[in-house]
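**Student:** I'd like to ask some things about the structure below.
Any read-out appearing in this document is the output of simple, stated calculations on the displayed coordinates, not a laboratory observation. Predicted model, so just to flag it, every value in this text is computed and none were measured. With ideal geometry, Cβ positions are generated from the backbone for all residues, glycine too; neighbour counts draw on all protein chains shown.
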Amino acid sequence: MPPRAPTFATPDTPKPRRPFPWRWLVAVIALSLLLLLQLVLADRYRLAGDATWRPRLEAACGLLRCDLPPWREPDAFRVTSREVQPHPSAPGVLLISTSFRNDARWPQPWPVLEIALQDLDGQALGLRRFQPVEYLGSPPASPLIAPGQSASATLEILDPGKRAVAFTFDFH
């Protein structure tokens, strides 16, 4: 057996290197960001209805190739003109013409058009909701109406008589 050197003369054995603490920090931050991204993408349908989140989600979904539901803001539709007159060739029928515009920031599905007839006291005499295919005369060329895009509708309804003095238009 060879003689042993005294302990003060033996070289120090290298200690195993411990990973730097910042590596763990970077890993925790990266995993946290991935978790946040996953949560946002999982909840994107609800967040897509928020005007603050919508642009961020559109950018993220553009990169990640995910889809978003169409923007829905029925209050952003504005009636730009309307006219109610007796039908020129059908007695007892009214001809209602209206134009409206999408003032929302994003495209949205074609609205359901609601027309309500009211008497002098503001009491409802009748109400009807028209689907896009009914008021456009055919299915729309695109499922969405673009921001700033206008549309016209012409509808025929039965004349409720002289009691109807007001018409309101609403969108759903």
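**Student:** Helix 21-42 versus the longest principal axis of the chain: what angle, 0 to 90°, nearest 10, using Cα atoms?
**Tutor:** Taking Cα atoms only, the helix is inclined about 20 degrees.
**Student:** Does anyone have the angle between helix 54-64 and the longest principal axis of the chain? Alpha-carbon axes, 0 to 90°, nearest 10?
**Tutor:** Around 60 degrees separate the two axes.
**Student:** What does the helix-only formula give at 222 nm for the chain: each DSSP H stretch with n ≥ 4 adding -39500 (n - 2.57), the total divided by the residues, and the result rounded to the nearest 500 deg cm²/dmol?
**Tutor:** Values: 4 runs with 42 residues, N = 172.
Value at 222 nm, helices only: -7500 deg cm²/dmol.
**Student:** Give me the percent relative contact order of the range 74-171, please, defined on Cα pairs under 8 angstrom at least 6 residues apart. Don't skip to the end; give the middle numbers.
**Tutor:** Working: 195 pairs, mean separation 35.6, N = 98.
This gives 36 percent for the range 74-171.
**Student:** To continue, here is another question. How big is Rg to Rh over the chain, alpha-carbon atoms, Rh as the Kirkwood inverse-mean-distance radius? Mind dumping the intermediate values first?
**Tutor:** Details: Rg = 33.2 Å, Rh = 21.7 Å.
Here Rg/Rh amounts to 1.53.
**Student:** In nanometres, what is the gap between the two model label sites at residue 37 and residue 72, each 7 Å from Cα along Cα-to-Cβ?
**Tutor:** Spacing of the two 7 Å Cα→Cβ label points: 3.0 nm.
**Student:** Given a cut-off of under 8 Å on Cα pairs at least six residues apart, what relative contact order in percent is computed for the chain? It would help to have the intermediate numbers written out before the result.
**Tutor:** Details: 231 pairs, mean separation 34.7, N = 172.
Relative contact order for the chain comes out at 20 percent.
**Student:** Sticking with this one: Among 74, 125, 16, which residue has its Cα positioned farthest towards the positive end of the charge dipole of the chain, with +1 placed on the Cβ of Lys and Arg, -1 on the Cβ of Asp and Glu, and the dipole taken about the Cα centre?
**Tutor:** Towards the positive end, the residue furthest out is 16.
**Student:** Of the chain, which part is the longest with no trypsin sites (Lys or Arg not before Pro) in a loop (DSSP not H, G, I, E, B) and with at most 10 other C-beta atoms within 10 angstrom?
**Tutor:** Details: sites that count: 4, 17, 65, 162.
In short, 66-161.
**Student:** Same structure, new question: Pick out which of 108, 85, 131 has the largest mean-square fluctuation in a Gaussian network model of the chain, springs linking Cα atoms closer than 10 Å.
**Tutor:** It is 85.
**Student:** Let me ask something additional. Among 127, 25, 34, whose mean-square fluctuation peaks in a Gaussian network model of the chain (Cα, cutoff 10 Å)?
**Tutor:** 25
**Student:** Amide H of residue 165 versus every other amide H placed in the peptide plane: which residues, excluding those fewer than 5 positions away on the same chain, fall under 5 Å?
**Tutor:** When sequence neighbours closer than 5 places are left aside, the close amide H contacts are 118, 119, 120.
**Student:** What is the spin-label model distance, in nm, from residue 101 to residue 65 if the labels are put 7 Å beyond Cα along the C-beta direction?
**Tutor:** 3.9
**Student:** Here is a follow-up. Positive end of the charge dipole of the range 74-171 (Lys, Arg +1 and Asp, Glu -1 on Cβ, about the Cα centre): tell me which of 84, 155, 108 has its Cα farthest that way.
**Tutor:** 108
**Student:** Here's something else I'd like to know. Can you tell me the FRET efficiency between residue 4 and residue 52 if r is taken as the Cβ-Cβ distance and R0 is 45 Å, rounded to the nearest 0.05?
**Tutor:** Values: r = 74 Å, r/R0 = 1.64.
The formula returns an efficiency of 0.05 here.
**Student:** Another question, if that's okay. Say each of residue 90 and residue 26 gets a label point 7 Å from the Cα, pointing the same way as Cα to Cβ; how far apart are those two points in nm?
**Tutor:** Distance between label points: 7.3 nm.
**Student:** Report, by chain and number, residues whose modeled amide H sits under 5 Å from the one on residue 87, excluding near sequence neighbours (fewer than 5 apart, same chain).
**Tutor:** Residues meeting the criterion, in which the H sits 1.01 Å from N, are 93, 94, 95.
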